[in-house]
1. What about B:ALA236, is it outside any loop (DSSP other than H, G, I, E, B), in the same structural domain as B:LEU165 (by TED's automatic domain parsing), buried (at least 24 other Cβ atoms within 10 Å of the Cβ) and within 23 Å of the chain's Cα centre (by Cα)?
2. Using the structure shown, decide if A:VAL129 is at pLDDT 95 or above and surrounded by 24 or more Cβ atoms within 10 Å (Cβ to Cβ).
3. Test A:GLY130 against the criterion of being touching a residue at least 12 places away in the same chain (Cβ under 8 Å), closer than 30 Å to B:ILE274 by Cβ, of a type in the set (Gly, Ala, Ser) and in contact with a strand residue (DSSP E or B) (Cβ under 9 Å, 6 or more places away or on another chain), and give yes or no.
4. All but one of (1) surrounded by fewer than 22 Cβ atoms within 10 Å (Cβ to Cβ); (2) closer than 22 Å to A:MET324 by Cα; (3) in contact with a helix residue (DSSP H, G or I) (Cβ under 6 Å, 6 or more places away or on another chain) hold for A:GLN203, so report the exception by its number.
5. What residue, among those in the range A:244-260 that are surrounded by 24 or more Cβ atoms within 10 Å (Cβ to Cβ) and part of a loop (DSSP other than H, G, I, E, B), is nearest to the other protein chains (Cβ to nearest Cβ)?
6. Looking at the range A:298-320, which of its residues are under 11 Å from A:ALA128 (Cβ atoms) and surrounded by fewer than 20 Cβ atoms within 10 Å (Cβ to Cβ)?
7. Condition (residue is of a type in the set (D, E, K, R), touching a residue at least 40 places away in the same chain (Cβ under 8 Å) and not in a helix (DSSP H, G or I)) applied to the range B:193-214: is it met by at least one residue?
8. So which residues in the range B:75-102 are closer than 19 Å to B:GLY127 by Cβ and in a loop (DSSP other than H, G, I, E, B)?
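The values are calculated or read from the model by the stated rules, or taken from the named source; none is laboratory data. From a predicted model like this one, the values you see are computed outputs, not experimental measurements. Don't worry about glycine lacking a Cβ; one is built from the backbone with ideal geometry, like all the others, and counts go over all protein chains shown.
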There are 2 protein chains.
Amino acid sequence: MPTNKQIHLDNRPQAEATAGNFKLVTTETPALKEGEVLVRHHFLSLDPYMRGRMNDAKSYAAPQPLGQVMQGGTVGEVVESRNPKYQPGDKVVGFGGWQEYSVVAGDQPGALKKVDTTHVPLSHYLGAVGMPGVTAWYGLVKIIEPEAGQTVVVSAASGAVGSALGALAKVRGCRAVGIAGGPEKCRYVTEELGFDACVDYKQHADAASLAKALKEACPDGIDGYFENVGGMVMNAVMLRMNAHGRIALCGMIAGYDGQPIPMAYPQLLLTNRIKLQGFIVSEHMEVWPQALQELGTLVGSGKLRPRESVAQGLESAPEAFLGMLKGRNFGKQLVKLV
Amino acid sequence: MPTNKQIHLDNRPQAEATAGNFKLVTTETPALKEGEVLVRHHFLSLDPYMRGRMNDAKSYAAPQPLGQVMQGGTVGEVVESRNPKYQPGDKVVGFGGWQEYSVVAGDQPGALKKVDTTHVPLSHYLGAVGMPGVTAWYGLVKIIEPEAGQTVVVSAASGAVGSALGALAKVRGCRAVGIAGGPEKCRYVTEELGFDACVDYKQHADAASLAKALKEACPDGIDGYFENVGGMVMNAVMLRMNAHGRIALCGMIAGYDGQPIPMAYPQLLLTNRIKLQGFIVSEHMEVWPQALQELGTLVGSGKLRPRESVAQGLESAPEAFLGMLKGRNFGKQLVKLV
C-alpha cells in the first residue's frame, strides 16, 4: 500500500491560528475491506469555515478533533476499488481531508461522488461547482431572493463563494457589486467576473468612509447582501441597505480569531425592516442538485470563470490556509497534490 | 363648536426627549363639512414608536411635523356627524392625535372604525385589541412561527405588546418567558399574565449576568425572541438562542435617544443559523382582521388581562409619554380625557 502523508490538528489556536497548530504525519494506507475504495487526492480544498472548527467552541459543526487528519473537501481519482460502483480511474469528489490518500466506504451516502471532467476541470468541483458555489446559490436564491434590477452586494467578492454569487446575480438581471481587498482583486472582479462595480475596502479606514464608496457603487441602494466577512465591512453595507433588504449571513472571517466584531447599528435592521438569515449549506442538501446543475452550466459556458490559488504539495497546506485567512489568496484556495 | 386643546411638537429633541419639546395649544373645532364626523376622544394612546418620529431622521415613518398636533391612536365617541355611516354615540377607534377632539373624513379608508364595547372595554382597542396586540401577533405568528413546546421570550413583557405576546404564545403551547424591569412588573407578568417565568433585567449589570438568569428561566434555550428593547437585553438573549431560532425585531427603545446600542455578538446569528426580521405592523394590514379577532377573543374570555397606566387630562400627555420611555408605566400607557 502507498505511503500517506497527512496534516493533523495538533493543538488549538490561542487567538490567531499558526503553523504550530498543525503537524505533518506519515502513515501507510490500510488494505481495503469489502466495499471500500482507495482515492488518491489531486486537490485539497481550503475554506474559511475550517478556522471555526479549529476552536473548541459551540458552533454549527463539531470541532475538528485533535490528533486527527484535518477535515476538508477533496477531489481525486480512484486507484483501487473493492466496490463495484467505482473503478480505478474514476474521478471523484469527497471529504477526504488534508492527506494524500483516503479510504472511503463507497456505499455510505454522500461520501463519494463521481464527476464528469469533460467541460468542468476537476478542481472546480471544490469551488464554483462544489460547496462554495452551492453556498452562493443558496444565499442568493433562497435568502436574498433578488428581483431583476435590484442591487446585490457580496464581500470577499473575488473568492470562491463571491465569484459564484456575482455570476448567479448577473444571470438574474441584478446589479452585482463586489467588495474586495486591493486594486488587483477589484479589477478581476469587474473585468473577469463581470461584476458591475467593486469597492476596495482597504482604501477605507472606517465604516462611514466605506459606506460613502458604496453609495457611489450602488446608486439605488443595496437590496441584497451576501456576507462573508463581518465587522467594519458589514457595518458599512448596513448603512446603505434599502427598505426590505435581505442579508444572507454566510461567514464572518473578521472575527474568526476571536476579535470582537460588534454590529454597530442594529437599529437599521428595524428601521429598514431587513431580514437577516444565518445559514450553513450542508443543512440544505435538497438544493444541491439544482444548484450544481446551474453552476456547472455557468462554468461550462464560460459565464463563470473562477480563479484559483494553488499551493503545491501537502506540506504547503498550513501556510496556504493561514494566508487565505488573511486574504492572501486570489480566488479559490487549493492544494495540488498530484 | 367646542374648544379643543392640543399638544403640538414644538421642537425636536437634541438627545433625550423633554417636556420642552411639546407645546399646549387651544383652538376651536371647525364646523363640519359634508361627510365629516366630530369625535370626542376618550383615550389617547402613547407608544414608544412616537419617540422615533420626533427625530428628523430617515426611518420607516415620516417624521412628526413641527408645529402640528402629535400624531397617535385614539378611541372616542362620535358627538356630531355629517356622514350617514356614523351616528352620535358611536364608539370609534381612529388616529386622532394628542387632542381632545378630531374632525375626520368618515369615508377615508381606515380613518375611523366603529367598535363594540360589549365584551372589550373601549381603551383596549388602543392596546391588546389594537395596534400593539396586532404587532405582537404579527411577530409571533409570521416571524417567530413557534411550535408547541418551544420557548418564546419577549422583552418589555409587562407592556401592551409584551402582554399580548405572552398570551398568544401560551395558547400555542409555548413556554413564554418575559423580561421586565423590577420585581413588581415581573410578578405581574407571571401571576396575572400567565407567563411561565420572568427575568428582572434591572438585577443584572451586564449581558453575561442576564444571560445566566435567562438560562435558568429557559432550560431548553430560546427558540423565538420578540425584541422591543435592544442593547444589553438583546445581547443577553442572543447568548441563549437555540439553533434555527427566530428574532422578531419590533423596537429598540434603548437607542431611541441616540445612544449606541451595538449588537455584541453578531456571529451568533451565523453559528446558530438565526433568522432576524425587522418589521412594522402598518405594512401588514392584511393580517389585522385575523389578528384582532383572536386578540378580541383572548380579552373577552379573560385569557389576556392587559394592564393600563392611565394619565388624566391632555396636559399630562407629555410627562406620561416621557415616563413611558423610561419604563415608568405599567402596562399600556394611556391618557384619559373624558
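1. On the way: outside any loop (DSSP other than H, G, I, E, B): yes; in the same structural domain as B:LEU165 (by TED's automatic domain parsing): yes; buried (at least 24 other Cβ atoms within 10 Å of the Cβ): yes; within 23 Å of the chain's Cα centre (by Cα): yes.
For B:ALA236, the condition - outside any loop (DSSP other than H, G, I, E, B), in the same structural domain as B:LEU165 (by TED's automatic domain parsing), buried (at least 24 other Cβ atoms within 10 Å of the Cβ) and within 23 Å of the chain's Cα centre (by Cα) - is met.
2. Values: at pLDDT 95 or above: yes; surrounded by 24 or more Cβ atoms within 10 Å (Cβ to Cβ): yes.
When the stated conditions are applied, A:VAL129 passes them.
3. Values: touching a residue at least 12 places away in the same chain (Cβ under 8 Å): yes; closer than 30 Å to B:ILE274 by Cβ: yes; of a type in the set (Gly, Ala, Ser): yes; in contact with a strand residue (DSSP E or B) (Cβ under 9 Å, 6 or more places away or on another chain): yes.
Yes; evaluated as a whole, the condition is true for this residue.
4. A:GLN203 satisfies all of (1) surrounded by fewer than 22 Cβ atoms within 10 Å (Cβ to Cβ); (2) closer than 22 Å to A:MET324 by Cα; (3) in contact with a helix residue (DSSP H, G or I) (Cβ under 6 Å, 6 or more places away or on another chain) except (3).
5. Among those that are surrounded by 24 or more Cβ atoms within 10 Å (Cβ to Cβ) and part of a loop (DSSP other than H, G, I, E, B), it is A:MET252.
6. Step one: list which residues in the range A:298-320 are under 11 Å from A:ALA128 (Cβ atoms), which gives A:298-300, A:303-308.
Within the range A:298-320, A:GLY300, A:LYS303, A:ARG305, A:ARG307, A:GLU308 qualify.
7. First, pick out the residues of the range B:193-214 that are of a type in the set (D, E, K, R): B:196, B:200, B:202, B:206, B:212.
Still in the list and also touching a residue at least 40 places away in the same chain (Cβ under 8 Å): none.
The answer is no; no qualifying residue exists.
8. We begin by selecting, within the range B:75-102, every residue closer than 19 Å to B:GLY127 by Cβ; these are B:75-77, B:91-98.
Residues satisfying the conditions are B:PHE95, B:GLY96, B:GLY97, B:TRP98.
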